[in-house]
1. At a threshold of 8 angstrom on Cα-Cα distance, excluding pairs fewer than six apart, so keeping six or more, what relative contact order does the range 119-222 reach in percent?
2. From the helices alone, meaning DSSP H stretches of at least four residues, give me the mean residue ellipticity at 222 nm for the chain, per-run term -39500 (n - 2.57), in deg cm²/dmol to the nearest 500.
3. What translational diffusion coefficient, in µm²/s and rounded to a whole number, does the Stokes-Einstein relation yield for the chain at 20 °C and a viscosity of 1.002 mPa s, taking the hydrodynamic radius as the Kirkwood radius over Cα pairs?
4. Provide, as a two-decimal number, the C-alpha radius of gyration of the range 216-277 over 2.2 N^0.38 Å, N being how many residues it has.
5. Need one number: convex hull volume per residue for the range 143-277, Cα atoms only, in Å³.
6. Among the lysines, which fall within straight-line cross-link reach of LYS60, defined as a Cα-Cα distance under 24 Å, with same-chain neighbours fewer than 8 residues apart omitted?
7. Can you pull the three principal axis extents for the Cα set of the range 66-180, in Å, largest first?
8. So between ASN48 and ILE74, what do we pick up on full extension, going 0.36 nm a residue minus the alpha carbon distance?
Amino acid sequence: MKILKVLKVVIFLVLTIGGFSGCDKSSENYTELNKKKIIKIGLNGDENIIWENVKNQLAKENIELKFINFSDYIRPNLALQDKEIDINSFQTEIYFDSFKSEHKLSIINLGYTVLAPMGVYSKKILNLSQLKDNATIAIPNDSSNGGRALLLLQDAGLITINKEAGNFPRIKDIVENNKHLKIVELVATQIPRSLEDVDIAVINNGVAVEVGYSPLEDSIFIENFENERLKPYFNIIASREDNQNSPEIKRVLEIYQTSENKKIIDEYYKGSSVAVF
């Protein structure tokens, strides 16, 4: 009888321990399945506002989108490469390609977001037809924005650029300048303060908005959103090669590129940035 009782106790303990062990494993699996996924996104400027909707939608899928803000255009890509963040959204494709090549980074273009159109501004004329010979034009002095500004002036019919110059023309690449226009290069952020000293100025979108201009309303000439030439200036979401196929990363792009988010972009930017997806 004593042996029988001992056997019963042993069997009970085995079943009990085994049961608890099974519960622990099942609990671990449940926790892992329901663990919140965190995606860190590097942003610059007022991007947070547009991304709030994406963040709220992802939260419904147990994905937390965490904003990491940068104040420059160098650290976001380096932080992405170093896995300090998972994705970023702040740059044009042309800047991205150049930076990636220069720094030999293994990051990729995940998808397009918006185009921030560049415009021509003036405090002296209301239309480019009023521009006189020998007028002075200010453009940004960096290769990306400066080249884009020259191409915009070509679109406006003011100059002709050597086709071999590609997307990064310089003043030396101008082959026709019938009005004998004087083009001066200035630091992009200083151009708005120089409007009194020049006849017209090409101001990139971010700088124009920052000083209170509405590109669609205040510019006297602006980039045509549908011009195929502008595709390199589309803004992008960047990811790394090692995480581009992650389901959570893919969901970020899918939710950003919805009609709902496009409507938010249109309402917030009022044309100063245009959805290109």
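Values quoted throughout were computed directly from the atomic coordinates according to the rules given, and no laboratory measurement underlies them. This structure is a prediction, so every number in the text was calculated from the model and none was measured. All Cβ positions, glycine included, derive from the backbone under ideal geometry; neighbour counts span all protein chains shown.
1. On the way: 186 pairs, mean separation 46.7, N = 104.
So the answer I get is 45 percent.
2. Working: 9 runs with 107 residues, N = 277.
My calculation for the chain gives -12000 deg cm²/dmol from helical runs alone.
3. On the way: Rh = 21.9 Å.
Stokes-Einstein gives a translational diffusion coefficient of 98 µm²/s.
4. Details: Rg = 14.5 Å, N = 62, 2.2 N^0.38 = 10.6 Å.
Compactness ratio reported: 1.38.
5. On the way: hull volume 19.3 nm³, N = 135.
Each residue corresponds to 143 Å³ of Cα convex hull volume.
6. LYS35, LYS36, LYS37, LYS40, LYS250, LYS262, LYS263
7. Each principal axis gives a Cα extent; for the range 66-180 these are 53, 31, 22 Å.
8. On the way: separation 26, 0.36 × 26 = 9.36 nm, distance 1.84 nm.
In short, 7.5 nm is gained.
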